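Peer 1: The structure is given below, and queries will be raised subsequently.
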């Protein structure tokens, strides 16, 4: 079932509101376009042609994710690249849905939107996929899972399709899925999958990513602060000053180009790589890690507990602050001032290559507060594993010296 919306007057109204470039794009050829044709366009031309569709799709997604999540399945650009398809489990709700879109984004041309029948809501599909991927007793690994655009199937990319099919054909599993009206599965083989991780971060760059080159499986240094200048808007990735020199080109351990070192402040053991950034940090105890938002900054107090996220150590917590802002240590002939903490329960608190990585406070389950960047370790052995303590340059020292803030603020 489909709701067909008359477009003539909607388009006329939109023409009065849209920018001239968008109007020109809509007023041009109305012939359908193929994906190949769109792919061959320059990015600028794509932006012109797809602008009204993208605006409509974004508004649809906002409504579908909020006021009408009860019927919303998915949104897609039409395969003709002249329309937008919104999949709803109840197409009779289409008129009300489009009214919500108009209220949310009055400038959007809702005449471009076709309402198409969906099988299940996005919330229902998300719950099913989560139930599948969170299981730890499966005789196969799921590399990727996602629903078809109409919600009629769930696609599973797995390492062993035969094992997956046999598992879902097991009488007890099949019965449970039938009773739950589970969405049909489409199983394909994963031909090789790896997480995009802090080993090979890409723009916009985050804190706690591995900066190359790599020595013996360890990164040379770790990214520390995704920043932006308060005076000219240039974006920076901050790491320890002893890691590189001005003019050096820096790469992630995995090979992605990060950017060039433009400034260095050896008195605070900090340097500044010009590159796009965003205020997240890599976290987690494995190489892949996950990301957490940086919700703010502060300098720590004595007896406070912090964590350090240097790439080679991953996550080390229960670092008890002994000196707050008044510790000093030597780096390349300079006396660096900052804070110092010890591992409260002993053990390795830092490793070579952690330098530049963030010292953070976990003040929220889903975000982190930045305290500074790692500079120095004590009690280190020949392998540069340090059990005495770790020192860091306080975040406000860096912010005030180089006039930066978290990007975006």
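We did not get these values from a lab; they are worked out from the coordinates using the rules stated. No experiment lies behind these values; they were computed from the predicted model shown. Note that each Cβ is placed from the backbone with ideal geometry, even for glycine, and that neighbours are counted across all protein chains shown.
Peer 1: Calculate the FRET efficiency for residue 301 and residue 229 from the Cβ-Cβ distance with a Förster distance of 41 Å, rounded to the nearest 0.05.
Peer 2: Values: r = 29 Å, r/R0 = 0.70.
Here the calculated transfer efficiency is 0.90.
Peer 1: Running a GNM on the chain with Cα contacts under 10 Å, which residue among 147, 204, 365 ends up with the highest mean-square fluctuation?
Peer 2: Between 147, 204, 365, it is 365 that shows the largest mean-square fluctuation.
Peer 1: With each label point set 7 Å from Cα along the Cα-Cβ vector, what nm distance links residue 159 and residue 30?
Peer 2: In this crude label model, residue 159 to residue 30 measures out at 5.4 nm.
Peer 1: Counting each DSSP H run of 4 or more residues in the chain as -39500 (n - 2.57), what helix-only mean residue ellipticity at 222 nm follows after dividing by all residues, to the nearest 500 deg cm²/dmol?
Peer 2: Values: 9 runs with 93 residues, N = 409.
After summing the helix terms and dividing by the residues of the chain, the value is -6500 deg cm²/dmol.
Peer 1: Highest mean first, how do 402-409, 278-285 rank when packing is the count of other Cβ atoms within 10 Å averaged over residues? Before the final figure, lay out the partial values.
Peer 2: Details: 402-409: 16.1, 278-285: 20.1.
Ranked from most to least packed, the peptides come out as 278-285, 402-409.
Peer 1: Starting from the Cα-Cα distance between residue 149 and residue 323, subtract it from 0.36 nm times their residue separation and give me the gain in nm to one decimal. Mind showing how you got there, number by number?
Peer 2: Details: separation 174, 0.36 × 174 = 62.64 nm, distance 5.56 nm.
Here the segment from residue 149 to residue 323 would lengthen by 57.1 nm.
Peer 1: Which percent, nearest 5, of DSSP beta bridges in segment 198-406 are antiparallel?
Peer 2: Values: 60 of 66 bridges.
About 90 percent, rounded to the nearest 5.
Peer 1: Continuing with this model, one more query. Any idea what angle helix 94-104 forms with the longest principal axis of the chain, computed on alpha-carbon atoms, 0 to 90 degrees, nearest 10?
Peer 2: That works out to roughly 40 degrees.
Peer 1: Kindly identify segment 198-406 as rounded, prolate or oblate by the Cα gyration tensor criterion: order the square roots of the eigenvalues as a ≥ b ≥ c, call it rounded if a/c is under 1.5, otherwise compare a/b with b/c, prolate if a/b is larger, else oblate.
Peer 2: Values: a/c = 1.27, a/b = 1.19, b/c = 1.06.
Judged from the Cα gyration tensor, segment 198-406 comes out rounded (a/c under 1.5).
Peer 1: Assuming 0.36 nm per residue, please report the length gained on full extension of the stretch residue 202 to residue 287 beyond their Cα-Cα distance. Display every interim value, and only then the final one.
Peer 2: Details: separation 85, 0.36 × 85 = 30.60 nm, distance 1.51 nm.
Difference between extended and current length: 29.1 nm.
Peer 1: Springs between alpha-carbon atoms under 10 Å, Gaussian network over the chain: tell me which of 181, 270, 214 tops the mean-square fluctuations.
Peer 2: With Cα springs under 10 Å in the chain, the top fluctuation among 181, 270, 214 is at 181.
Peer 1: For Cα pairs less than 8 Å apart in space and 6+ apart in sequence, what is the mean separation divided by the residue count of the chain, i.e. the relative contact order in percent? Spell out each step's value before the answer.
Peer 2: Working: 954 pairs, mean separation 44.1, N = 409.
Reported relative contact order: 11 percent.
Peer 1: Kindly express, to the nearest 10 degrees and within the range 0 to 90, the angle between helix 122-133's C-alpha long axis and the longest C-alpha principal axis of the chain.
Peer 2: Taking the Cα atoms of the chain, the angle to 122-133 is about 50 degrees.
Peer 1: Please find, in a Gaussian network model of the chain (springs between Cα atoms separated by less than 10 Å), the residue of 38, 101, 246 whose mean-square fluctuation is greatest.
Peer 2: Between 38, 101, 246, it is 38 that shows the largest mean-square fluctuation.
Peer 1: Where a ≥ b ≥ c are the square roots of the eigenvalues of the C-alpha gyration tensor, would you call segment 122-189 rounded, which needs a/c under 1.5, or, failing that, prolate if a/b is larger than b/c, or oblate? If you can, show how the numbers build up before the last one.
Peer 2: On the way: a/c = 1.55, a/b = 1.16, b/c = 1.34.
Cα axes put segment 122-189 in the oblate bin.
Peer 1: While we're looking at this one, here's another question. Nearest-5 percent of antiparallel DSSP beta bridges in the chain? Provide the component values of the computation, followed by the final result.
Peer 2: On the way: 72 of 88 bridges.
Rounded to the nearest five, the antiparallel share is 80 percent.
Peer 1: Another question, then. Applying 1/(1 + (r/R0)^6) with R0 = 35 Å to the Cβ-Cβ distance of residue 180 and residue 92, what FRET efficiency is obtained, to the nearest 0.05? Working shown, then result.
Peer 2: Values: r = 26 Å, r/R0 = 0.74.
Once rounded, the FRET efficiency stands at 0.85.
Peer 1: How much of the DSSP bridge set in segment 122-189 is antiparallel, in percent, rounded to the nearest 5?
Peer 2: On the way: 5 of 10 bridges.
Close to 50 percent.
Peer 1: Cα axis of helix 43-64 to longest principal axis of the chain: angle in degrees, 0 to 90, nearest 10?
Peer 2: Helix 43-64 sits at roughly 80 degrees to that axis.
Peer 1: Along each of its three principal axes, how wide is the spread of alpha-carbon positions in the chain, in whole angstrom units, largest first?
Peer 2: 74, 61, 37
Peer 1: Right, something else. In terms of the Cα gyration tensor, with a ≥ b ≥ c the square roots of its eigenvalues, is segment 261-317 rounded because a/c is under 1.5, prolate because a/b exceeds b/c, or oblate?
Peer 2: On the way: a/c = 1.69, a/b = 1.18, b/c = 1.43.
In terms of gyration-tensor shape, oblate.
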